[in-house]
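Here is the structure we will look at, set down as structure tokens.
None of the figures in this text is laboratory data; all of them are computed from the coordinates on show. As the structure is a computational prediction, the values presented were derived from the model and not from experiment. Note that each Cβ is placed from the backbone with ideal geometry, even for glycine, and that neighbours are counted across all protein chains shown.
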Amino acid sequence: MQIANEFRVEAPIERVWAHLLDVERVAPCMPGAQLTEVVDDRTWKGRANVKLGPVSLSFAGTLVMAERDESVHRVVLKAEGREQRGKGAASATITSVMQQDGDGTRVAIDTDLTITGAVAQYGRGMIQDISARLTQQFAECLRATIAAEEAAPVPVEAVPPGGEAAPAVPLAPAPPQPVAAPAAVGGVRLGLWALWRALVRLLRRLFGGGRG
């Protein structure tokens, strides 16, 4: 299944690129995800909790940075996970490409997804809708995190009493204020939202309104 998503961040491309490549820093912005182990600088292990209506799932898996091209700001991640209490599995190849867009950065994400088990019962359209919603949550958290870092106080030099010349002593900058991470994936609200999107799409097709 091919899924395409896109979002924009109000920050220079090099800053967004560096942030997205730092998996440990960006992991809290991934809804429902938890980083459990750093294997090396290109391999990570983690868990993802998914709840859609009555279905509650927990996946454990591995994320590998398969490709990285600084010149065109393109990175390819490969993820594989299995349900911890069931027989379902998921694998994905996620290609992200960044482009400067005015004063900000546009991020295009193409995902080649394969799923089995309980999640596979949902149609392609519903999964795409959910993916778009989660991407939106991720983007909002990413924007807030970068904005918080940019707003952190700049280091200043201590001035001795009387203003006498003395070696400058840099003061450590205050850490940026923590940004609340998105809640775990899903819940009743996400389930109802996805079902509503599926109903709207069906009605449009039935009454000649085109695809949703």
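Per-residue 3J(HN,Hα) values for segment 96-111, derived from phi via the Karplus relation 6.51 cos²θ - 1.76 cosθ + 1.60 with θ = phi - 60°, read 10, 10, 10, 9, 5, 10, x, 8, x, 10, 9, 10, 9, 10, 10, 10 Hz in sequence order (x marks Gly and Pro). Convex hull volume per residue, computed on the Cα atoms of segment 2-73, equals 137 Å³. Per-residue Cβ neighbour counts within 10 Å put SER96, SER91, SER71 in the sequence SER71, SER91, SER96, beginning with the fewest. Cβ under 12 Å from GLY61's Cβ, GLY61 left aside: what net charge do those residues give with Lys, Arg +1 and Asp, Glu -1? Result for the neighbourhood of GLY61: +1. The average projected area of segment 28-149, computed from the convex hull of its Cα atoms over all directions, is 8.7 nm². Computed from backbone phi with θ = phi - 60° and the Karplus coefficients 6.51, -1.76 and 1.60, the 3J(HN,Hα) list for segment 73-80 is 6, 10, 9, 10, 10, 10, 10, 9 Hz; x is used for glycine and proline.
Once Rh for segment 69-108 is found with the Kirkwood sum over Cα pairs, what is the Stokes-Einstein diffusion coefficient at 10 °C and 1.306 mPa s, in µm²/s? So the translational diffusion coefficient is about 128 µm²/s. Take every Cα pair under 8 Å whose residues are at least 6 apart in sequence, average their separation, divide by the length of segment 1-52, and the relative contact order is 20 percent.
For ALA89, the residues whose modelled amide H falls within less than 5 Å of its own, excluding neighbours fewer than 5 places apart on the same chain, are GLU83, THR116, GLY117.
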